[in-house]
Amino acid sequence: MFKKLINIKKQNTNHPPGQIVTEKFPVLTFGETPHIELSQWSFTISGLVKNKIKLNWDQFVQLPKSKVTSEFHCVTKWSRMKNIWEGVALNDLLKIANPLPKAHFALIHCFGDYTTNLSTKCLLDDDVILAYMHDNKPLHKDHGGPLRLVVPKRYGWKSAKWIKEIELINDNKPGFWESRGYHMHGDPWQEQRFS
Ligand SMILES: Nc1nc2c(c(=O)[nH]1)N[C@H]1C(S)=C(S)[C@@H](COP(=O)(O)O)O[C@H]1N2
Ligand SMILES: [Mo]
């Protein structure tokens, strides 16, 4: 009983297994940073929803703001422990979009064609944010500016930079890395690196 308590505490105060903590914030991108004009920018929630949402940049920045401090774990083994993200809580927007009961999964689409998949349940977690600020500064374009998704309870590849669209779907579909062998769920505490 006592031993178990210690183990639980350890897991809550440390990084996930196999990770090395860094103070730096490396840039991990497949390919080039896309160039996005704010006047051409939009964010959409589409697919299996009652209310499709499409917002331009001016509309997006007028939405109520949220702030989350969370850990970031890349599957290449670095973890950055304290990140202050500011933007819009995704569950606020998903509640408005109102996913249909059969919308069990989502495919995330980005400017620059990157994709990744997540369960709807995972996206509804209250630490999931659409971020345009990081550590009190506007999100740098190499880190996904103007807007990125942040999903702290999944490996970093699920935190899609330059997010453009969330498409709610019925059956789980692999994204860019998932179709190249990365795990469909990607929970760092379970070390779900590869499938
Ligand atoms: N659009 C897009 N999003 C992406 C990636 C990418 O290549 N393209 N790389 C992913 C990976 S593997 C990681 S670890 C994080 C890295 O985020 P960072 O570059 O801000 O550290 O972004 C994720 N999101
Ligand atoms: Mo990564």
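Observations on the model:
- Listed by chain and number, the lysines whose alpha-carbon sits under 29 Å from that of Lys173, ignoring those within fewer than 8 places in the same chain, are Lys50, Lys52, Lys54, Lys77, Lys95, Lys102, Lys121, Lys141, Lys153, Lys158, Lys161, Lys164.
- Estimated vicinal HN-Hα couplings, Hz - region 122-135 in sequence order (Karplus 6.51, -1.76, 1.60; Gly, Pro = x): 5, 5, 7, 4, 7, 9, 8, 9, 8, 9, 10, 10, 9, 6
- GNM remark for the chain: springs join alpha carbons under 10 Å apart, and the peak mean-square fluctuation among Pro101, Pro16, Pro152 falls on Pro101.
- Compared with the alpha-carbon gap, the fully stretched path from Asp171 to Val61 is longer by 36.4 nm at 0.36 nm per residue.
- For Ser46, distant residues with modelled amide H under 5 Å away: Ile166, Glu167, Leu168
- Computed from Cα positions, the angle between helix 2-13 and the longest principal axis of the chain comes to roughly 40 degrees.
- Charge tally for Glu165 (other residues, Cβ to Cβ under 15 Å; Lys, Arg +1; Asp, Glu -1): +4.
- Springs join every pair of Cα atoms under 10 Å in this Gaussian network model of the chain, and among Ser159, Ser66, Ser79 the largest mean-square fluctuation is at Ser66.
- For the chain, the convex hull spanned by the alpha carbon atoms encloses 131 Å³ per residue.
- Listed residues Pro138, Pro64, Pro99, most fluctuating in the chain (Gaussian network, C-alpha, under 10 Å): Pro64
- Whole-percent P(r), region 80-195, all Cα pairs, 10 Å bins from 0: 14, 48, 34, 4.
- Of the GluC sites (Glu not before Pro) found in region 5-114, those in coil by DSSP whose Cβ has at most 12 other Cβ atoms within 10 Å are Glu23, Glu32, Glu37.
No lab work stands behind these numbers, since they all come straight from the coordinates. None of the values given here were measured: they were computed from a predicted structure. Backbone-built Cβ (ideal geometry, glycine too); neighbour counts: all protein chains shown.
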